[in-house]
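See structure below.
Derivation of every value follows stated rules applied to the coordinates shown; laboratory data play no part. Model, not experiment: these values are computed from the prediction. Positions of Cβ are generated from backbone atoms using ideal geometry, with glycine treated the same way; all protein chains shown enter the neighbour counts.
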C-alpha cells in the first residue's frame, strides 16, 4: 500500500474521533513524534482519548510505562509491544502470580524489547516472578529492586540469569548476603552500576568477588555496609570505577582510603559521609592519588580539618565541582583556602557547619563565582552581608538553603533576588522573613521550590506577591505559617497553577472555602493539611474532586473531617497512595468505603480512630488486604484484630507499625 | 648431655665472631686490599675447627658411628652455622662502614675497597648457600654435578645475584683451581660461571687494582660436609642446630597433671606461677618479700641461658629425643598438647555429630564451633567448610557460582508441575548449553542441588575448556529440580528467545533515571 493510501486509512480511522480527519491523515510516525513532544502525561492521555489515530500511534510508539494497578497489567503489556522501560514500583498488590500471568499474556516477544524494569518497593514480588520476568526479557539491562525488604539471595539469584544486566539497585534488600551478590556478579559480568546500600549482610568477601568478576563497574554504592578496608583494597582494582559511595561505613578508616588511592585514576566522585573513622589525613592521601576527583562528600565524618587536607584540596583546583562539608567546624581561613584552591566549585554544602561567618562566605564566593548550589542550613551566624557577597559574586545561583539563618532579612534577600535571575530553589524555613521579603523574591520568576516554614509573619499579602510572578512554582512549604487565610490560598492558585507539593500544616485559619480554591490545582500530588481543625468533609470533597493527581494526603488531627470527606476521597481520589487520617472523626463505614474503593492506596496511617469499631477495622482491612504495604495502627488493636487478618496482611507484604500513644487532642 | 653440646658450640661462635671483628671493625687505611686474603683465610680455618668440634659432638650424641658416615646432620648444621656467621660478619662490616662514613669522610678508594670486601664476602656466602642447599637434597652421592635441578638452581640464582654485585669476583674464579675435591669441581664451575657471566667485563676492570684472592679458599670448607649429608636436618619452622639448645623431657605423669606449678612445701598444685607465688606467702615471711613475689624476669639471664626445647617421653615418637629425626617441641604447652593428641585416648566426643573424638578439650571446642554448620557449596558440586574458601574458588573458575541452600518449598512445588517444565528441558537440551564436563554434571545432579541450574547452564557460564562438549547429554536429570517449572506454559517460548539473545550485546539506555524516563500511565 502506498504511503498516501496509508494516510487515507488513518484519516478514515480517525474520522470518528473528535481529533477529526486532520489528525488522521498524518502517518503513525509523525503522530508518534507529536506524542513524544508532549511532556505532560495528562496531555498525552487527552490525545489518546480523543483520536484513534493517536491511540494507535501511541500503542506502537510508547517506550515507557508506569502501571499503578495490577489488574490492567496484562492488557497494557499486550497493548504496548515496543516498551523499553517498565515501572512497577507503584503497582499496587503486585505479586508473583500476577506478574507471571501478565508476562505470559504479553506473549512471545511481547517484552523482548524491555530494557529497564523498576520494581522498587514491590514487596510482593519474589524469585518466581523475577525468574519469569528475566526469562521473558532477554535484553534486560537495568533492574531496580530497592526497598524490597524481603528480597534475599533467591530473588537476586533469579536476576543473575539476566546476563546482559548493566545496572542493578538492591538498596535495602535486607536479606541479600554475599551468596546472592556472588550469584549476580558471576551471572552478570557486565555490571556497570550497582547499589547494595543497606544490604548489611554483605561482607568484604562478597565485595572482593564483585571486584574480581565485574571489571566494567563504573558506579558502586556500598553505603551502610559493615565492610572494612579490605573491600576498598578490592575496589581499588576496578579500573573503570567513577563513582563510589560509602556513606556510614564505620569500619572503613584512613588506611582504607589510602588503599583506594592506589587504584586507577578513573574515580570522579567519592562519598564518605558519616564514616566515623575517616579523618582528614585519609582524605588527603585519597586526594593525593586522585587528580581527577570532581565530587567529594565528607558530611558528618570529619571532626577537624588539617592543613594537609586543605593543601591537597588545592591540587584538585581544575576538577573539583562539588564539596560537602556538612557538620564540620570550619573557620574563615578554611573557607578562604577552599575558595582559593577550588574555584571551579559549582556546589558547596556547609549545612550545620559551626563557625561559618559573613567573612568566611565572602572570601569563599569571591573566588568561586561558578557556584550554583549553596547550602548554609543552620549556619546561624551569617547575616545580610553574606547574602550580599553571594549575590554579587554568584550570578549563576540556582539553589540557596538558608534554613534557621535567623539574622537575615528582606534586605539581604532583595540583593539575592535582584542579582540571581536563575534562582530555582530557596529554603527560608525558620528565617523569620516577612511579606516584604516575598515581594523581592517574587522577582525570581524561575522559582520552583519555596520553603517558608515557621515564618509566622508571612500573610496573604506575601503569598499574593509570590503568586503574581512565580508561575513555575512546584513546591511550596507554608508549615505553621499561621497568618495565612483562605484569601491567601485564593491568591496562590490564581498564579501558581503548577504546584505539586503543598504543605499547609498548622495554618489553622484555613477553612473549607480555602480548600475549595485548592481544588483548582489539578497537578497537586502531595498535600499536607495536618491539624487544620476548621476543615470538614466539604473541603475534602472539593480537593478530592479537583485535585485529580493527588497521591499523598495528610489529614492528621483534622478533627472535623468525617465520613463525608472519606466518601469523597473514595469516589474521586483514584490515584491516592498515601493517606493519614489519624484522629479524624470517621466511622467504620467511611473507612470501609474508603479502603474498598481506592485501588491505589498502599499506605494508610490510622491511629486513634475512636469512632471506628473493631469490626469496622476488620472489614475495612479485609477489603484492602492485597493492596496495603504499610499500615500504622494503635497497639491495642494488635490483640483484638483476628490473627487470620494479620497473617493475611503479612503474607501480602504489608508491614504494620503498632504505636502506643495516649489519645490527646491538641489544638496545634 | 644436651647442654654440653650447647656450651661446646658457643666458644666456637665466639672465636669466629672475634676474628671477624678483628678483621673488619678496624680496617687499617691503605691496607684494606692486602687485608682480603686473611679474610678468606682465617674464617675458613676457624670453620675447620668448628667442624671438628661439631663432629665430635655428633659422635657423642650418636652412638652408632656408621650413621655418621652415611648421613651426617651435624655436618649440615655446622655448615648452616657457618653461613649464619658469615652473614653476621657482612652485617657487621656494613654497619661499621656506614658508621664510619657518617663520622669521617674517608677516602673514596678506601670506601671502594671496603665495598669490594663486602661483595667478596657476599659472593662466598651465596656460593656456599647454593652448595649447601644442593647438599641438602636427598639421594645423591654427588648432588651438584649430577642433579640438573641443582644446576638449574645455581643458574637461576647466579644471574640475579651477579647483577646485584658490583665488584670483585676474583676469589670465586680462583677457587676453581683451589678446590681439592675434583668430584665437585664441575658443579662449582657451572655455578661460578653462571655467577660470572654478567660480571666478566667488570672483572677485567677490577683485576688491575685488586690483585687479591690468591688464597681465596672459601669453597674448601664445603668438602667437609657435602657429599654424605643429603637428607633432612631441616626442622619444621625453626632450624635450631642440635646442640644449640637444652633438651628437657618431662615424665608422662607430669605432662598429664592438671597443674603445672607445685608448692615445694605442701605440694599443692597451681595452673599459674603467679598463683603459686601468692600461695607461697602463706608459708612464711621469706616468701613475702618483693623479690620473691616479683615475676621472674626474663632478661636477667636470657643472654646466656641456653635455649630450652622439649622432648616427648614416648619412645619411638619423632618428638622423642632418641628418634633419629628428632624434632623438639618448643614449649611445655606444646608437649602437653602433643602428648595428649598423639599418645592418649580421645575421650572427648562431639555432642553434635557423635563421631569426632578429641583428646584435647580445646580441639573439641574448635570443632564444635563448625560442626553441623552449613557446608558452602559451589555450583560444580564442590563443598567448602568456609565461605571465603568457596568465594576464592568461585573467583578462580569462570562460570562457577555459589549454590544457595536448598529450598524445600521450591522442590515440592516444582515436582507438582513436572509436566509444565518438560518443554523447557527439551529446549535446553536441544541447545546443548551444558558447559560442564560430564563428571561435573553428574556430581552436580547427585548433589540434589536445586539451585541455579539455569545459571550454570547459561551461555554465560561457558568455560573455555568445556566448550567442546556441546554434545553432552544430561544423564538422569531430575526434572523436579527445574527452576522454571512454576512458570505458566506460555512462558516457555519467551524463555527460548531469552536464551538465544542472552549473549547479544545491547547498548545501554542511560543512567539511573527511573523516574524521569518513566512517564505516568494514568487512567
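For the reader, a short list of remarks on this structure follows.
- Burial ordering of A:309, A:574, fewest other beta-carbon atoms within 10 Å first: A:574, A:309
- For the stretch A:555-667: rounded, prolate or oblate by the Cα gyration tensor [a/c cutoff 1.5]: oblate
- Label-reachable residues, the stretch A:166-185, where backbone N falls under 19 Å from a point 7 Å from residue A:657's Cα toward its Cβ: A:172-174
- 13 Å cut-off, amide nitrogen to a point 7 angstrom out along residue A:396 Cα→Cβ, residues in the stretch A:410-428: A:422
- Label-point separation in nm, residue A:71 to residue A:291, each point 7 Å along Cα→Cβ: 6.4
- The calculated FRET efficiency for the pair residue B:273 and residue A:97, based on their C-beta separation and a Förster distance of 56 Å, comes to about 0.20.
- With a simple spin-label model that places each label point 7 Å from the Cα along the Cα-to-Cβ direction, the separation between residue B:92 and residue A:255 comes to 3.9 nm.
- Here's the picture: a label point sits 7 Å out from the Cα of residue A:314 along the beta-carbon direction, and within the stretch A:341-365 the residues with their amide nitrogen under 17 Å of it are A:341-345, A:363-365.
- A straight line joining the Cα centroids of the stretch A:109-130 and the stretch B:306-379 runs 55 Å.
- Shape of the stretch A:116-234 from the C-alpha gyration tensor: oblate (a/c of 1.5 or more and a/b not above b/c, with a ≥ b ≥ c the square roots of its eigenvalues).
- Expected 222 nm ellipticity per residue - DSSP helices of 4 or more, -39500 (n - 2.57), all of chain A, to 500: -11000 deg cm²/dmol
- Average beta-carbon neighbours from other chains, 10 Å sphere, peptide A:134-144: 6
- Note on residue B:292/residue B:386: beta-carbon distance plugged into 1/(1 + (r/R0)^6) with R0 of 41 Å gives a FRET efficiency of 0.25.
- Peptides B:380-388, A:620-628 ranked from most to least packed, by the mean per-residue count of other Cβ atoms within 10 Å: A:620-628, B:380-388.
- Shape of chain A, Cα gyration tensor, a/c cut at 1.5: rounded
- Footprinting exposure proxy for A:559, A:280 (fewest neighbouring C-beta atoms within 10 Å first): A:559, A:280
- Extension gain (nm, one decimal) between residue A:666 and residue A:366, 0.36 nm per residue minus Cα-Cα: 103.1 nm
- Put the Cα centre of the stretch A:510-545 next to the Cα centre of the stretch A:348-425 and the gap is 35 Å.
- Between residue B:283 and residue A:226, the C-beta separation translates, for a Förster distance of 60 Å, into a calculated FRET efficiency of about 0.65.
- Annotation for the stretch A:133-211 versus the stretch A:241-271: alpha-carbon center distance of 21 Å.
- Inter-label distance, residue A:472 to residue A:498: 0.6 nm, where each label sits 7 Å from its Cα along the C-beta direction.
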